[in-house]
1. Taking the range A:480-494 on its own, how many of its residues are surrounded by 22 or more Cβ atoms within 10 Å (Cβ to Cβ) and either among the β-branched types (Val, Ile, Thr) or not in a loop (DSSP other than H, G, I, E, B) (or both)?
2. Among all residue pairs at least 6 apart or on different chains, which show Cβ distances below 9 Å where the first residue, located in the range A:306-325, is within 11 Å of chain B (Cβ to nearest Cβ) and the second is among the basic types (Lys, Arg) and not in a helix (DSSP H, G or I)?
3. Return yes or no: is A:Pro79 without any contact (Cβ under 8 Å) to a residue 60 or more places away in the chain and either away from every other protein chain (no Cβ under 13 Å) or closer than 27 Å to A:Ala354 by Cα (or both)?
4. Does at least one position in the range B:27-47 carry a residue that is assigned by TED's automatic domain parsing to the domain that holds B:Val184, open to solvent by less than 20 Å² (accessible area, probe 1.4 Å) and within 27 Å of B:Asn205 (Cβ to Cβ)?
5. For the range B:389-406, does any single residue satisfy the condition of being open to solvent by 70 Å² or more (accessible area, probe 1.4 Å), part of a helix (DSSP H, G or I), assigned by TED's automatic domain parsing to the domain that holds B:Gly346 and modelled with pLDDT of 90 or more?
6. Take A:Tyr335 and tell me if it is within 9 Å of chain B (Cβ to nearest Cβ), under 25 Å from the mean Cα position of the chain (by Cα) and closer than 19 Å to A:Met207 by Cβ.
7. Which one of these is more than 14 Å from every other protein chain (Cβ to nearest Cβ) and closer than 29 Å to A:Val339 by Cα: A:Phe143, A:Phe103, A:Phe92?
Amino acid sequence: MSSIHATSLPTGHALREAIRRRERSAEEITRAALHDAESLQGPLHAYIRLLPERALERARRIDGLVRAGEPLGTLAGVPVAVKDLFCLQGEFTTCGSRILENFRSPYSATVVEKLEAAGAIIIGKTNMDEFAMGSSCENSAFFPTRNPWDTTRVPGGSSGGSASTVGARTVPIALGTDTGGSIREPASFCNIVGVKPTYGRVSRYGMIAFASSLDQAGPMTADVRDAADVLEVIAGYDPMDSTSVDVAVPPYASELPDDLHGVRIGIVAEFEASIAQGDAALAALYKQAYKDLERLGAQLVEVHLPHAQYGLATYYLIAPAECSSNLARYDGARYGRRVDGDGDVYAMFDRTRAAGFGDEVKRRIILGTYALSTGYYDAYYVRAQKVRTLIKSDFDSAFAECDVIACPAVSCPPFELGAKSQDPLAMYLMDYFTIPMSLAGIPALSIPAGYVSDLPVGLQIVAPAFHEGRMLAVAHAYEQATQHAAARIPAVRSEGARAS
Amino acid sequence: MQQAIERNVSYQPVIGLEVHVELATQSKMFCGCRNVFGAPPNTLVCPVCLGMPGTLPVINRRAVEFLCKTGMALGCDVAPFSKFDRKNYFYPDMPKNYQISQYDMPLTTGGSVRLASGKRIALNRIHLEEDTGKNIHAGTSMAASEYTLIDYNRAGVPLMEIVSEPHIATPEEAEQYLSALKSVLSYIGVSDVKMHEGSLRCDANISVRPAGTSTLGVKAEVKNMNSFRSVVRALRFEIERQTEALTSGERIIQETRNWDDARGVTYSTRSKEQAHDYRYFPDPDLVPLTLDDATLAQWREELPELPLDKRDRFIAEYGVSEYEAGILTEDRSAAEFFEAVARACGDGKQAANWMLGDVRRSLEKHSLTLATSPVRPAQLAELIRIVAAGQISGKAAKEVCDAVVAEGTDPQAVVAQRGLSQISDTEAVGAMVDDALAANPESVASYKGGKAKALEFLVGQVMKSSRGKANIDIVRELLRERLG
């Protein structure tokens, strides 16, 4: 069976229209997506679990609505995948970890409920770095996921499974989460659109926490229009999440222009200096992307983010500190894996956590515990928060000069499996260009910007807080003019075609 | 630190109390679960208070209101900006292995608790946190048990911690402090303050130092005291233990000690949980709490008159003694009942006598309280009025009171039903007196011969012939009159 799309790039909006016009049924599309996911599981390992019964049952319900002429939601009948840290009532939710391997959530995440209320069909839960800690998806406790554009390479992380399955065009839409780049980096690696919304724009309720002050859910999609549709569905205040913000959600999808006249785009001097020292082909690709933006009518202005260089150090104090506390609940007492303590509850805690967590998770828990300890708290955690404020104000100053910022999403194209897994610092550096925005809590996305040695690379567009619309508009104009992703077919498909 | 060894030094205690109060909100601190005592284990739980993956806390506005009102009642500074922090430590009754509490920016600071004696005990702070679940050990402790069951019903119940300065001088003063605090809390209706149900819990920090010195000694933190009485006993024990230790040249170590009520001793817990580094940091799941002036003003407006203010006013307004006023104002609804009676009958002194005397006895006799008895203030006021008017005798009044308290019947109805009305009409009583004089000439003679006792015999004869209904004061008066 072929994939769910007739053309080379299936989009959620195209599928939705096909269903609306009764050209295809939601059930047929869902079956095709499930079948495709299953047949690509071998080469990609994008999914931890597929949910065929649930998906088909819901697809039939959508078809019923279509037949009855009932109003349809924005994502009616569109197959989607969600990262396996979104709780789904009654289903396993592992967070890529042995410690939650047998955990079935008693409730659903707000974003998942919103997706389903809009008619989306969740076909499965995608692989990820354990507890969203990683940039390659190799830290999954179960198996690594591979890149559909080159299966010897990583899909990025931590939302690697979501990026891989959308990049492979199995589904047009997936949900990921981004703490320091976990949506944007894999989106760049897998040639898709990945949006990290403003912190507080999307509810975190039911999304298993890594670092609470940074985590944010967002769409990973085939194109910008899908990202806009999904963001419109999942954004908004949630009374269950005190950090979600009550700011009206604009109709993102209806405000997507094709040109950039009058738009001032900031180019970050510090980032350009950094990228100029690396891969020349990559630097040239980004130069070309800025030229394309200019050609569309944008005015390029140089801006400065003097403290962005401290982003990584700041992030690796704040995120581990929060995770050391967030992950304390996994002790074997109430749910998840338990290793017996021979009558001593503390031995049970210790053994459960020793067996249940992987190396990277342990590393960050230890780092964070240390950073919060008496005598170190002020020197590390408090100082990191101060630097975070400086980074935030850097962006404030920059946005006084421009409407959005365009900058690299990554410092290299997708790398080979195992290339960085023995060097945590090299892996941490993967998020160099994405972490400052996370610390500032502002929205940023990655959009396909071309290829280096046939490997996809993303351009990052950044906007001030709650100005996702502006960022999506620029990305849309750029996408329409360049069509980088639509121009090629992922390698895993041609390999598959050769094999069959 | 140098510790005195001289045997003849006398030591004085320095006591500070940490009181935990469960707030009587409808729902828990950070989720919608019901907040009630005594439900079957693990029936009042949800993903949030069980610390399930992905759950988030949402602040209970009512709990904040209750804490702020407590702070206002105790003269504390209420912070318009405060925050919640995480206190990290592993314990199986804590679903998240951290407790959401307030560390360096509590909701209130300062303030004081006014004791009945007039002395004020300064407060350090009051902060808001969540309660833990309850471990139910198969044996005597977790270590000594084959298994431990955990009930999470209590996990997430709003808990207010009131921390005093170490200004309490004696165990008795500690008890007065607790009782004054309890009274204020129940007045403003923020807690059930039931120590036996754990809605009020008290830990004590106590040290001793040579009398007359000002350096603080090494303190012990005493826990597990389940009544005011046990607080007093535990503190007395600690004073003695620490004094003896210092007198015999021992060193006091800073430690946590548990009170054993049955044995009447404190003992060191020496658990490994003692060396905690709680690694406090601001809870990133919650935004800082800001309270606007209008809200604070409204809460202040809603505060009732406080017990000691009421006591002082009762003394001034109703002429009752300090002792009476103190008892009358212990409980807010009882105080309000008294005041309604006093206003309706116009005699505060009598209202107090009845409330503290016969009403109290009748309530006890019928195992009732003012809240469970059907009696209404107007009925008691009516009773007081008809006694004052001489309509019934003092003896009959006791009977009427008992019926009113037990059944809630109107006093007049009781009087009519039981024929308790007293004959106070001088003419009618005069006729009876005349009959008695005529029938008992020898008594008249002996009275006139100087035997004063004979009068009482004649009074008895009149009462007998009236079947107890004659107004005894009038009988006596008329007899004296007639006998010259």
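1. Number of matching residues: 1.
2. A:Ala321/B:Arg279; A:Ser324/B:Arg279; A:Ser325/B:Arg86; A:Ser325/B:Lys96; A:Ser325/B:Arg279
3. Spelling it out, it is not the case that A:Pro79 is without any contact (Cβ under 8 Å) to a residue 60 or more places away in the chain and either away from every other protein chain (no Cβ under 13 Å) or closer than 27 Å to A:Ala354 by Cα (or both).
4. yes
5. For the range B:389-406, residues open to solvent by 70 Å² or more (accessible area, probe 1.4 Å), part of a helix (DSSP H, G or I), assigned by TED's automatic domain parsing to the domain that holds B:Gly346 and modelled with pLDDT of 90 or more: present.
6. No, not satisfied.
7. Of the residues listed, the single one that is more than 14 Å from every other protein chain (Cβ to nearest Cβ) and closer than 29 Å to A:Val339 by Cα is A:Phe143.
For (1) within 22 Å of the chain's Cα centre (by Cα); (2) buried (at least 21 other Cβ atoms within 10 Å of the Cβ), each residue gets a yes or a no:
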| residue | (1), (2) |
| --- | --- |
| A:Gly181 | yes, yes |
| A:Arg184 | yes, yes |
| A:Phe189 | yes, yes |
| A:Gly218 | yes, yes |
| A:Ala227 | yes, yes |
| A:Pro239 | no, no |
| A:Asp246 | no, no |
| A:Pro251 | yes, no |
| A:Asp258 | no, no |
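The values are calculated or read from the model by the stated rules, or taken from the named source; none is laboratory data. Bear in mind that the values here come from a model prediction, so they are computed numbers and not experimental data. FYI the Cβ positions are ideal-geometry reconstructions off the backbone, even for glycines, and counts take in every protein chain you see. Surface areas here come from the heavy atoms of the whole protein model, side chains and all, with no ligands, DNA or RNA. Shrake-Rupley method; radii C 1.70, N 1.55, O 1.52, S 1.80 Å.
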